[in-house]
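Notes to accompany the following structure.
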Amino acid sequence: MHAKPTPSSAHLHAHHKGDAKHTHVSVGRSEGALAFALCLTLAFAVIEVLTGFLSNSLALISDAGHMVTDGAALGLALLAQLIAKRPPSARHSFGFGRAEALAAFVNALAMLAVVGWIVFEALHRFRSPQQVEGGAVFVVAVIGLAVNLLVAWLLARDQDSINTRAALVHVMGDILGSIAAIAAGAVIYFTGWMPIDPLLSLFVSVLILQSTIGVLRDSYHALMEGVPHQIDYLQVGADLAAVPGVLSVHDLHVWDMSPGQPALIGHLRIGNLRDWPEVLATVKEMLLAKHGIDHVTLQPESHD
């Protein structure tokens, strides 16, 4: 008698004919764009941080703070994409695709901390105005705007990844910060009105906060295995119950294994278990065509 071979991780994760077409590995992500954006951001961040403190401009310091945070955000995004490409293992059967949502969540929390610091410092400067070198602020902010626009263009080409979207929120915050710093530098240089510096910093913080909360909400939803936004959970249940041969549906769950890869599990009570192969084929075709769900695991139950 031959002993049964011990199944390997690769064998258990293999997809056979009729199985879902999804992969457990994130594909189509551009690490090259993220790496280039990271190097460009960090290089200019050093210049902007030094100039911000030398010129004593909060608008420029806030923009510099965004740039430093962007460097960490882009580095985290790059690391997450590399981790997400690892194949599933015996301990991580779904793979590592959710690393992108985790990185997005951490980046959004970091951005909230940056916004909080800018608001605190701006309020302090309203009470105690400080002298600002408007000319230096203007020149450095113009260069920073050009750098940020280039980085944003690189990241905007990969909007399918919530991780890249989170990094892009940081960069968009930098673009707004650069514009505010340019305006502050010009106003201070020509008029000498110092309150414009903290005033524009507060305005930029409010705009950044809106985008940050959106990314935080989406990444939290993914980490908590929420129903994908594009899928109507109640309609999925109704469509399953309407399939010929299906009597009822229960224990139904729909979630994203990784961004853009929805999965479904559930129990179907059917009239005759001998009809299950035909019912299952109909259900899979319907779920893919109407709801874009390819990864389906269903358990049939007798009406008895």
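Report yes if Gly65 is open to solvent by 10 Å² or more (accessible area, probe 1.4 Å), modelled with pLDDT of 70 or more and over 13 Å from the mean Cα position of the chain (by Cα), otherwise no.
no
Return the total of residues in the stretch 250-282 being under 30 Å from Arg86 (Cα atoms), surrounded by fewer than 15 Cβ atoms within 10 Å (Cβ to Cβ) and charged (D, E, K, R).
0
Among the residues of the stretch 208-227, which ones are within 14 Å of the chain's Cα centre (by Cα) and surrounded by 16 or more Cβ atoms within 10 Å (Cβ to Cβ)?
Matches in the stretch 208-227: Ser211, Thr212, Val215, Leu216, Asp218, Ser219, His221, Ala222.
State whether the residues of the stretch 231-249 include one that is exposed (fewer than 15 other Cβ atoms within 10 Å of the Cβ), touching a residue at least 40 places away in the same chain (Cβ under 8 Å) and part of a strand (DSSP E or B).
yes
Among the residues of the stretch 94-117, is any over 14 Å from the mean Cα position of the chain (by Cα), at pLDDT below 75 and either closer than 25 Å to Ser201 by Cβ or open to solvent by 20 Å² or more (accessible area, probe 1.4 Å) (or both)?
yes
Here are some residues: Leu202, Leu150. Which one is farther than 19 Å from Leu34 by Cβ, open to solvent by 20 Å² or more (accessible area, probe 1.4 Å) and under 27 Å from the mean Cα position of the chain (by Cα)?
None of the other options fit; the residue is Leu202.
The values are calculated or read from the model by the stated rules, or taken from the named source; none is laboratory data. Small disclaimer: the values here were computed from a predicted structure and weren't measured. A quick note on method: Cβ atoms are made from the backbone with ideal geometry, for glycine too, and the neighbour counts reach across all protein chains shown. For the accessible areas, the whole protein counts, side chains as well, though only heavy atoms, and no ligand, DNA or RNA atoms are used. Shrake-Rupley method; radii C 1.70, N 1.55, O 1.52, S 1.80 Å.
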